[in-house]
Every structure is written in structure tokens, then in C-alpha cells.
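Visitor: Below is a structure I'd like to ask you about.
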Amino acid sequence: MTKKKTAKWVHKDLLGLEYLSKEDIELLLDTAGSFREILDRKIKKVPALRGKTVVNLFYEPSTRTRVSFEVAAKRLSADVINIAVESSSVKKGETLNDTGRNIEALKADIIVVRHNCSGAAAMLGRNVDISVINAGDGWHEHPTQGLLDMFTLRKKLGKLEGLNVSIVGDIAHSRVARSNIWGLTKFGAKVTVCAPKLLIPPEIDKMGVRVTNNIDEALAEADAINVLRMQFERDDMKAFPTQLEYFKNFGITEDRLKKAKKDIIVMHPGPINRGVEISSQVADGANSVILEQVTNGIAVRMAVLFWVSQARDKDKKDEITH
Amino acid sequence: MKLLIKNGRVIDPANKIDDNLDILIEGGKISKTGKSVDAKAETVIDASGKIVMPGIIDMHVHLREPGREDKETVFSGTMAAAKGGVTSVLCMPNTLPSLDSAEIINTMKAIIKNTANVDVFICGAITIKRQGKELVNIGGLKKDGIIAISDDGASVDSDELMLKALKEAKKEKILVICHSEDKALSGKGLVNRGFTSTRLGLRGISKESEYKRVGRDIKLAEESGAAAHIAHVSCAESVEIIRKAKKKGIKVTAETAPHYFSLSEGDLLDYNTNMKINPPLRAKDDILAIKQGLKDGTIDIIASDHAPHTENEKEIEFEHAEFGTIGLETELAVSITELIGSGILTWQELIRKMSLNPAMVLGIDKGTLGVNKDADIAIVSPDKEWIVDKAGLVSKSKNSAFIGRKLKGAVECTIYRGKVVYKA
Ligand SMILES: [Zn+2]
């Protein structure tokens, strides 16, 4: 799969980019590159995960991430089962650990979990022997989104090192921001986070990022900008300005982009709130790579599914030889 | 029935003793201390190479009975105490119902009488149902047997009511233990506010929520003249506020728990819910400040804040898990590991903070190895290393933040009122 290096992937789970080395991430991105080519072929399917079962266990509704994983797993010839759990029924229902152990007993191989609680994927990973892929846990991490953003950037600009990447929006509550920060800084990209003061979490500078509350400053040197989805309905936003005000002060518009680098790349993890964090003109404009991100997401998730399942197959072999 | 402890290194801060001595116990009391005590005893314990110290008095323990016997009972909690070298505990009033009435105090006393393996002293609530609205009958409950009051788990938010409680406590000569937390500031927080809360994507609990309330509680203590005790000090700012208050001559004492000088927020990296504690594990700098506070006497007491919770309440998503770690079985070893040897405390000082000081603060005739005192004794191998193993815990709940940790110092034997209640 990879040409350059002898692959050493040892992780049963993918819980976050914080816990991966640069080499780990490089391996995933390179592998995703090979899978990305497959997606442009006529027959978009490889047998890598034939006979394996991937369970999408989603405690939050997220059609796009779930579908992306589903497509990725099917391109690898895996069987896919989707389980959607209503958050409201969690309290009376079985625990996440019990659900995980049940899925394990059903002889599934990989659980892709989306959960509203930070740390949920890590807990599940500790409690089952099968692989767990974090598809977003609370405000913590969304590693495959981070990877696909990095993949998209690297594909567009040829490298990550030295790039100026600005992340704009609700940093405090964003798992996408955290995964991007961990991943990009490992490659020597210069990351700036930009948000109103209330949406900057404490001591985030210790993650190696620059902090600004001024959108023009965030745009000035940026090679790329990652625009986060704003959710004004959440509790924590009560102390916060209105949508209109946010758009006025932080919204990414054509006018603002005019002051930025001409070929600045505009990314968004989706779904887009048009007119809230980004104008339609920008979302659909020449700088936008939003739809490419969606396609790249499949390739990245194929790579992740592939490598975590390799790690488990290796584990099993080790057990037999011992 | 006579019991003789021979050849141990006896450390007794109350009598400024640190010497190889024998201790003879008769009728549950210490009857003789000296070099080569010559007596015929039914039981002789050879304590050569071991430290013989007054049993630990842990003034911050949640025994959960009545109401949550699935987490812990007076019986199981005091078994854990005995294993940890603890011979007296002060049980906190956040039971179900709260320890806020004569009736429930009497129930509690009966449970203790029938099931406790070591001494259990009772801390009553400050307010009815610990709701911070209406004071309990402090004088009445004192007559019923409580020796301190606290709304632990909650702070009395109203300055006016807290002052009233302190004034009443002064009149009744009873200790007020302050759980100093401003809920309006700590809110739905889960871990220390700062890099760790950001990194884990969890709501933060600011240090401010603690030290501002510590400041208020001390100010009200000063105004009332009552004896106030600040529970579970976790951050540098609180230590500094208490230090200044003591310099000023205000009647305040303070306690910290072993996890605040041994674990930091960084240990939470894998969302270990046993490390979800309130107040939360703080930063490395705070650990240093707590140690300094212990060293210079700002912090008088080490207490476990033993807080048992069932697996169902802990082996779940971090934000839904209960706060607290158990601590009775590990508090001495964690303290030895962290404080002795590194020069923070001498043995005399450590033992004082775990037995004599709490006895004095609580006003109980304990914490010494003097003749005619209760024979409450812990015998400890000071250098023995062991690893905290979940299966070895005797507390009904297994939620220890120290599972897997290598500790130095092991309790070999615990004697309570002249009876061996634990033997390794
Ligand atoms: Zn408390």
C-alpha cells in the first residue's frame, strides 16, 4: 500500500490525533492517497476488508459522517451495520460499554462511534478488544475529520509544513478544531484559532496555536481557513452575541476574502450554515474545497478502517504464536 | 487481655517520642511504654524494623450509610479504614437522609454501635437536607453526639446564613467544616479549568470557585470567632489565603487529601473516571503549593475524602460519572511515598498531620500513645513497596484513583482499642 516506508501501525483504535505520531498520520495520509485514486476508477471497490463487519454506532445524528464511513467500509468490501441510538433513551437504556460488548459478541470487527460525551470513544476502546474508531466525541476530537482536512490541504498545496492555517468559529466546543490542531502542529503547520473571547477555551495556546479575536488578522497570512459550523442553540451560547452579530464580525464573506491571499483555501467540515458562518458566495466560490473534502473523507476513512483492522489481525497472529 | 508490641520504632508526636520502645496494652488502653517492657502478654507482636504510630484519624470520610449501602456501609468502610491504619473516622453528613436531625443521628449511632470496626465520629449537617436554607438544631445535635458540622458536598451559599451557623457553632463550641466551593462559578465543571479541560473537551472548574469561597469562609470565621476548618484544599491560591489568615491570627485549620499532592490533572489523559474528583485534580504548580503548605504548617491535616461509588456510577461516560475516589486504604502509603524522603515532612510531622492534629481539631482524646490513652495503633513497614490492586481493595466500592500505582509504606497491623482489627 505504501511505497516509501515500512509501515508500523500498532493502534487497535483511532481515538484522536493527539495520540498519534507524525509517522502514524503520514502513513494514514499516504494510504488515503492510494485509496483516493481508487475512488476515481470505474470499479471503486477493493477486497481489503472482505468478511469483516463494521458497526456504525451513532449516539448523535450525523448523516454525513455516518454515510462517509459507510461508503468507505463498503469500498473496502466490509459489511456495514448502522445503529442509531437516541440520546434521550440513553439514561434508561444499556450503557455504552454494554452496547460495545454486545457488538463485540456479535463478532463485529470495528465499531465506529459518534457520541456526545468527550472521552466516550476512549472508554469504549478500553472495554472492548475489537477496534474502535472515534467518529467524534463531545468537544474532544474528530480525528477522521482532522485527517481529511490535512489530506485535502496536502493534496492542494503539496505539503503541510510551514502552512498558515486559521480555524475560525466555536473553538471551545469544537472537536474538529482540536483534531486539526493536534494533527497540523505535528507537521509544523502554523495554526491560528479565531473566535470571540467566550468561544476560545482556556490555555489553548499551550496546544501550540496562536489566538486572535480578529478575523482579519486570522485571514491576513492564511494559506487556508477552516470555517467551523456555528450552533447558536447550545446552552453555552446564551452569553453570546446573536447570529447576525457573529456573521458581521466573524462571517467569511467575499469582502473579507479580498483582503486575504488570493488563492486561500476555504474549508468547512459541514453541514454549512449559509449566512451564519460563511456566505453562500464563498461556500460555492473558487476558493472553496468543501465538496472535495467530502470525497477525500471517504479515502481517509478507508485508510483508517484498513489500518486499525491490520493492527487487530496482527494482534491475533501474535496471540497464536505465543 | 494483654498485648505487647516489642522493638518497634515508636513515633508519638504528642509526647515528642521517636525511639525504639515496647508498648504494653491492657484493657484497650496503653498501660506502659518503655525500653524492654517486661510483661506476660497473651499476644506479643514483634515490630522490629517497623514504625509504631498512633492510629490515623481521618476526618473526611463518606461512609454512605444510611441510604447508599450499595456504595459503602459503616461496616465495610471501617474495614477499609482498619486496613489503612485508620482507627477513627469522621463520617460526613451527605447520607440519605442527611445527618440533620436527632432521629437520624440516633439511627446512625445505633448502626455504628452494631457494625463499626473502628471509631466513627459523626459530622452533622449545617442546614436541613444540606440545602443551605435553614440551620439544623446545632446545640441539640451536639447533645445527640455530633462533633462537627458541615454541608460537605455543598457550601452554604448565603453569607448571612453561614455567619449565623458559625456564630451558633461558636456558642456551642463545635467545629465547622467548610466545603468551600462557589457553585455559581464551578457550575457543571468536570475537571480543572485550563489546559486539561481544553485538551479533553470537558467543562472546567476554576480555582477561583474554590479559593474565593475559602476566602469568604475565612472572613466569616473571623467575624464570628468560630473554629472553621477548610476541607480538601486543592489549589495554590487557597493555600496562600489560609497562610495569610493564620498569620493574622484567625482561628482556621485546613486539610488536604493525598490525591492533591500526588496526582495532577495531567493524569486524567485517558478519562479515568476514578480521577474525577471534586475539587478536581489541579496543575503541577498546585501540587507544589500543597506540599509547601504541608511543610510550613499552613495545612494542618491530611484526610482522605474517601468517596465510594459503585462501578455503575463510575464505569460510564466521564461527564456522567460521580465525583470522588476512595482513599482510606491508600492514604498513609501515598503520604509516605510523596512526603517522606523528599524532605517535605519528617515522620513526626506526617504522623502529627494524620493523627494528633485531627484529634485536636475535633476535640477528641486520641492521636497519642500516652499511658491510659485508647490503644489505637498502626504498625507500618516504612520501606515496603506495593502496587495498588483493585482486587485487593476491601472497601465496598473500588473507585480508587491509585489503582496500578506503586506505593511505599505498608500497614502491617492495626490495633483499635487494644484489639487487632487488621493484620497484613
Ligand atoms: Zn467536600
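The values are calculated or read from the model by the stated rules, or taken from the named source; none is laboratory data. For clarity, every value in this text was computed on a predicted model and none was experimentally measured. Every residue, glycine among them, receives a Cβ derived from its backbone with ideal geometry; neighbour counts consider all protein chains shown. Each accessible area value is taken on the protein alone, full model and side chains, heavy atoms only, with ligands, DNA and RNA left out. Shrake-Rupley method; radii C 1.70, N 1.55, O 1.52, S 1.80 Å.
Visitor: Excluding the sites themselves, what is the longest stretch of chain B that contains no trypsin sites (Lys or Arg not before Pro) in a DSSP loop with at most 13 other C-beta atoms within 10 Å?
Guide: Result, exposed sites excluded: B:249-424.
Visitor: Of the candidates B:180, B:381, B:342, which one comes out as most mobile in a Gaussian network treatment of chain B with C-alpha springs shorter than 10 Å?
Guide: The residue with the greatest mean-square fluctuation here is B:342.
Visitor: Determine the distance separating the Cα centre of segment B:298-365 from the Cα centre of segment B:10-32; give it in Å without decimals.
Guide: Value for the Cα centre distance between the two parts: 24 Å.
Visitor: Per 10 Å bin, what is the whole-percent P(r) computed from every C-alpha pair distance within the protein assembly as shown?
Guide: Calculated over all Cα pairs of the protein assembly as shown, the distribution is 3, 13, 20, 20, 16, 13, 9, 4, 1, 0 percent.
Visitor: Moving on. Which angle from 0 to 90°, rounded to the nearest 10, does the C-alpha axis of helix A:290-321 make with the longest principal axis of chain A?
Guide: 30 degrees
Visitor: Whose amide H sits under 5 Å from the amide H of residue A:226, counting only residues 5 or more places off or on another chain, with H placed in the peptide plane?
Guide: A:166, A:167, A:168, A:267
Visitor: Among DSSP beta bridges whose residues both lie in the protein assembly as shown, state the antiparallel percentage, nearest 5.
Guide: Looking only at bridges with both residues in the protein assembly as shown, the antiparallel portion is about 35 percent.
Visitor: Which entries in B:2/B:32; B:113/B:143; B:29/B:71; A:12/A:107; B:133/B:247; A:12/A:45 show an alpha-carbon gap greater than 22 Å?
Guide: Beyond 22 Å: B:29/B:71; B:133/B:247; A:12/A:45.
Visitor: Okay, moving on. Net charge within 15 Å of residue A:60 by Cβ-Cβ distance, Lys/Arg positive one each and Asp/Glu negative one each, not counting residue A:60 itself?
Guide: So the environment of residue A:60 carries a net charge of 0.
Visitor: Rounded to whole Hz and in sequence order, give me ³J(HN,Hα) for segment A:152-157 from the Karplus expression 6.51 cos²θ - 1.76 cosθ + 1.60, θ = phi - 60°, writing x for Gly and Pro.
Guide: Ordered by residue, 3J(HN,Hα) equals 5, 5, 5, 5, 6, 10 Hz.
Visitor: With chain B treated as a Gaussian network of Cα nodes joined by springs under 10 Å, which of B:46, B:286, B:151 yields the largest mean-square fluctuation?
Guide: It is B:46.
Visitor: Right, another one. Among DSSP beta bridges whose residues both lie in chain B, state the antiparallel percentage, nearest 5.
Guide: Of the beta bridges lying entirely in chain B, close to 50 percent run antiparallel.
Visitor: Any idea of the total accessible area buried by the A-B contact, 1.4 Å probe, rounded to 100 Å²?
Guide: Counting protein atoms only, the buried area is about 1900 Å².
Visitor: By the scheme Lys and Arg +1, Asp and Glu -1, what is the net charge of all other residues having a beta-carbon under 12 Å from that of residue B:287?
Guide: -2
Visitor: Measure off, as a whole percent, the carbon and sulfur share of the 1.4 Å-probe accessible area of chain A, all protein chains present.
Guide: Of all accessible area on chain A, carbon and sulfur atoms account for 51 percent.
Visitor: Let a ≥ b ≥ c be the square roots of the eigenvalues of the Cα gyration tensor of chain A; is it rounded (a/c under 1.5), or, if not, prolate (a/b larger than b/c) or oblate?
Guide: Judged from the Cα gyration tensor, chain A comes out prolate (a/c at least 1.5, a/b above b/c).
Visitor: Once you wrap a convex hull around the alpha carbon atoms of segment A:144-294, what is its projected area averaged over all directions, in nm²?
Guide: The directionally averaged projection comes out at 7.8 nm².
Visitor: Find out how many positive minus negative residues lie around residue B:185, taking Lys and Arg as positive, Asp and Glu as negative, among other residues whose Cβ is under 14 Å from that of residue B:185.
Guide: +2
Visitor: Classify segment B:55-362 from the C-alpha gyration tensor, please: rounded if a/c falls under 1.5, else prolate or oblate depending on whether a/b exceeds b/c.
Guide: Taking the square roots of the gyration eigenvalues as a ≥ b ≥ c, segment B:55-362 is rounded.
Visitor: Please say if segment A:115-232 is rounded, prolate or oblate, where rounded means a/c under 1.5 for a ≥ b ≥ c the square roots of the C-alpha gyration tensor eigenvalues, and otherwise the choice is prolate for a/b larger than b/c and oblate otherwise?
Guide: Because a/c hits 1.5 or more and a/b fails to exceed b/c, segment A:115-232 counts as oblate.
Visitor: Tell me, what ³J(HN,Hα) does each residue in segment B:4-16 have, in order and in whole Hz, if you take phi through Karplus 6.51 cos²θ - 1.76 cosθ + 1.60 with θ = phi - 60° and put x for Gly and Pro?
Guide: Per residue, the Karplus-derived 3J(HN,Hα) values read 10, 9, 10, 6, x, 7, 7, 10, 9, x, 4, 10, 6 Hz.
Visitor: For a quick check: with amide H placed at 1.01 Å from N, whose amide H comes under 5 Å from residue B:17's, ignoring anything fewer than 5 positions away on the same chain?
Guide: Under 5 Å from the amide H of residue B:17: B:12.
Visitor: Non-local amide H neighbours of residue A:252 (under 5 Å, H modeled in plane, Pro and chain starts lacking H): which ones?
Guide: Here A:278, A:279 satisfy the definition.
Visitor: Please build a GNM for chain A, connecting alpha carbons under 10 Å apart, and tell me which residue among A:42, A:248, A:186 fluctuates the most.
Guide: Of the options given, A:42 has the highest mean-square fluctuation.
Visitor: Filter the GluC sites (Glu not before Pro) in segment A:93-144 down to the DSSP loop ones having no more than 16 other Cβ atoms within 10 Å, then list what survives.
Guide: Those that pass, being in a loop and sparsely packed, are A:94.
Visitor: Using helices alone, I'd like the mean residue ellipticity at 222 nm for the protein assembly as shown: each DSSP H run of four-plus residues gives -39500 (n - 2.57), total over residue count, nearest 500.
Guide: For the protein assembly as shown, the value works out to -10000 deg cm²/dmol.
Visitor: Just to check I understand the Karplus step: with θ = phi - 60° and J = 6.51 cos²θ - 1.76 cosθ + 1.60, what whole-Hz values come out for segment B:196-202, glycine and proline as x?
Guide: Karplus values, whole Hz, x for Gly and Pro: 5, 5, 5, 4, 8, x, 10.
Visitor: I'd like the distance between the alpha-carbon centres of segment B:76-153 and segment B:185-264, rounded to an integer number of Å.
Guide: Computed from Cα coordinates, the inter-centre distance equals 23 Å.
Visitor: Related question: Under the rule that an exposed site lies in a DSSP loop and has at most 14 other Cβ atoms within 10 Å, name the longest stretch of chain B with no GluC sites (Glu not before Pro) of that kind, not counting the sites themselves.
Guide: Result, exposed sites excluded: B:135-424.
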